Amino acid sequence: MKKIHSILLAFITIILLAPHASAQTAFTAEAEAARVDDIKFFVENFYYGDIPENLHAMTTIDEIMGALDEYSRYMSADEYMDYVAAVGADDVALHNLTEPAVTSAMLYGDIGYIKINTFSNNMDKAVTKHYSNLKKQGADKLIIDLRYNGGGYVESAEELLGHFEGVKTAYEMKTREGTTTVKPVQSKIKFPKQTYVLVNRYSASASEIVAASLQDQNAGIIVGERTKGKGTIQSFFEFEDGSALKLTIGEFTGPKKSKIHKKGIAPTIDCEHDQELSIIHARLLKDSLAQKKYKQVDDLQGVAADKTFHIHFTQKMNLNEANTSNKVELIKVGGVAVPISLKPNGTDMLDIKPLKQMQKGGSYFLVIHPGFANDTGRTTKHGIFTPITVK
C-alpha cells in the first residue's frame, strides 16, 4: 500500500497506491475503518497545515475532511475519474469543456494576443504554434491572457515561463520536507521583453505561479486585478476502488518568496474587472500613435452605437474616394479596425459611418492618417486620433 507512483498534474501530484478499479464498491464497516486509517496516515505524513489535535479519535471520512483546509477532499471513483479526464485533457478548459485551451488573435497595431484558458498537458506546443503564427502576421508586441484561468499542469507553467527573457527561477515550493527551488523549462523561442500578462480575481494556482515569477524577476508586466490567492499544492492519493484523497501537501511562492496563498498577486497595472484587455490595448495604441507624432483631438464619451462622425477641415479638400479610402480607420479597442463608409459632405467635411453598429459599452479609436490633399495638392503632414466610448 505504501508504494508511490507520481504523476504531476497542474499544481498537483497524483500518487497511485493501486491500479484503477472500474467503479467504487460499497463500504463495509471494516472497509470504512481501513479507509479512515489510510487517510489518517496520509494526513499525518504529508498534510501541509495544522494537523487536527483529535485526528486519532475521528471515525469517519467526513469528520477528517471537515477538519482540513478547503482544498482537501475525498473523491468517489466517478468524481475522481471525471476530474482527471478534465484536467488531463489537452484541448479543454476546466471551466468550459467546449472551449480550446489556447486561442489567439492579431490586434490592431501589430499586437499578438494569446488566451490561455487552462494549463493543459500540451499547452506549450499550442502556445508556441500560436505565437509563431502571430509573428508571421507581423506581431512585434504580445499580450497573454490568464484571466479566469484556474490552473492546470504545473509543468506547463514552467514551460510558459521559459519563453520569458530574464526568468531564472519558476517558483519556490515548500513542503514538510523543506523548500525546493523549481527552474523554468527554457525555450529558444522568446517572447518580447515587454510582454503583458492579464490576470483577474479568478486567475489561480498555475496562473499565479506565472504572475509571481514574472513580477519577482521583472520579466513581464502584470495587468488586471489581484489574483485569487490559491497558493497551495494538492496531491491525489488513489485507493484500490478508484476513489482518491485530494490532500494539500505544500505551498508555492514567487522566486523572491512573494507570498501567494490567501493574498494573491497585485498587478503592476490595476484595471477594473473585465476592462483589462481594453485598457492595455488602448495604452499600447496611444503609445504607438504618439511615437508617430499623432495628436489626440477630443475624447468622445457616451456616443450612440450608430453614430456618424464628421471630420471638418479648415480649407477646401480633394475628398474623392481614391484620396480618402485608406486614410481613416475606426479601431475597436481590444480588436481590429472595423468596416466604415466614407462620404464627402461638401468640400471641407467627410462623413464617417460604421457599416455595423458599434458595440454598446465598447471603446474605439478614430484615427485620421496624414496625406489628405487640399484642392491645390498640398497634403496634411500629421495624423490625429480621437478615443470614443459607446453608451
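Nothing in this text is a laboratory measurement; each read-out follows from the coordinates by a stated rule. As the structure is a computational prediction, the values presented were derived from the model and not from experiment. Backbone-built Cβ (ideal geometry, glycine too); neighbour counts: all protein chains shown.
Please give the per residue volume of the convex hull enclosing the alpha carbon atoms of the chain, rounded to a whole number of Å³.
With only Cα atoms used, the chain gives 159 Å³ per residue.
Fewest Cβ neighbours within 10 Å first, please rank S325, S235 accordingly.
S325, S235
Calculate how steeply helix 77-88 sits against the longest principal axis of the alpha-carbon atoms of the chain, using the helix alpha-carbon long axis, and give the answer as 0 to 90 degrees to the nearest 10.
Approximately 40 degrees, to the nearest 10.
To the nearest 0.05, what FRET efficiency results for K188 and I51 with a Förster distance of 56 Å applied to their C-beta separation?
Step by step, r from the Cβ atoms, then E = 0.75.
Could you sort the peptides 143-152, 291-300 by per-residue average Cβ neighbour count (10 Å cutoff), highest mean leading?
Going by the mean number of other Cβ atoms within 10 Å, highest first, we get 143-152, 291-300.
Could you work out [θ]222 nm for the chain from helices alone, using -39500 (n - 2.57) per DSSP H run of at least four and dividing by all its residues? Round to the nearest 500 deg cm²/dmol.
-7000 deg cm²/dmol
Could you work out how far apart the two model spin labels at T347 and T59 are, taking each label as a point 7 Å from the Cα in the direction of the beta carbon, and quote it in nm?
10.1
Between N326 and N133, what length comes free when the chain is fully extended (0.36 nm per residue of separation minus the Cα-Cα distance, one decimal in nm)?
So the chain would gain 66.9 nm between N326 and N133.
Less than 10 Å Cβ to Cβ from T169, Lys/Arg counted +1 and Asp/Glu -1: what total charge do the surrounding residues give?
+1
If I take R0 = 45 Å and measure r between the Cβ atoms of S288 and R226 in this structure, what FRET efficiency does the formula 1/(1 + (r/R0)^6) give, to the nearest 0.05?
FRET efficiency, S288 to R226: 0.95.
Using only Cα atoms, locate the centre of the stretch 223-250 and the centre of the stretch 291-319, then give the distance between them in Å, rounded to an integer.
Between the Cα centre of the stretch 223-250 and that of the stretch 291-319, the gap is 53 Å.
Using +1 at the C-beta of Lys and Arg and -1 at the C-beta of Asp and Glu, which of N323, G334, T379 has the Cα lying farthest in the positive direction of the dipole of the stretch 294-390?
Towards the positive end, the residue furthest out is G334.
Relative to the first principal axis of the alpha-carbon coordinates of the chain, what is the inclination of helix 206-216, with its axis defined by its Cα atoms, in degrees from 0 to 90 and to the nearest 10?
Roughly 70 degrees, rounded to the nearest 10.
When only C-alpha pairs under 8 Å and at least 6 residues apart count, what is the relative contact order of the chain, in percent?
15
Holding the Cα-Cα limit at 26 Å, pick out from K135/K332; K188/K292; K356/K381 the pairs that are longer than that. Present the calculation step by step, with values, prior to reporting the outcome.
Values: K135/K332 21 Å; K188/K292 32 Å; K356/K381 30 Å.
The pairs that break the limit, which is 26 Å between Cα atoms, are K188/K292; K356/K381.
How high is the relative contact order of the stretch 294-390, in percent, with contacts defined as C-alpha pairs under 8 Å that are six or more residues apart?
Rounded, it is 40 percent for the stretch 294-390.
For a quick protection proxy, order the peptides 130-140, 106-116, 273-283 by their average other-Cβ count within 10 Å, most packed first.
Highest-to-lowest ranking by the protection proxy: 106-116, 273-283, 130-140.
Could you give the angle, 0 to 90 degrees to the nearest 10, between helix 276-291's Cα long axis and the longest principal axis of the Cα atoms of the chain?
40
Mind scanning K136/K190; K136/K168; K168/K259; K228/K256; K183/K259 and naming the pairs with a C-alpha gap bigger than 22 Å?
Distance filter (> 22 Å) returns K136/K168.
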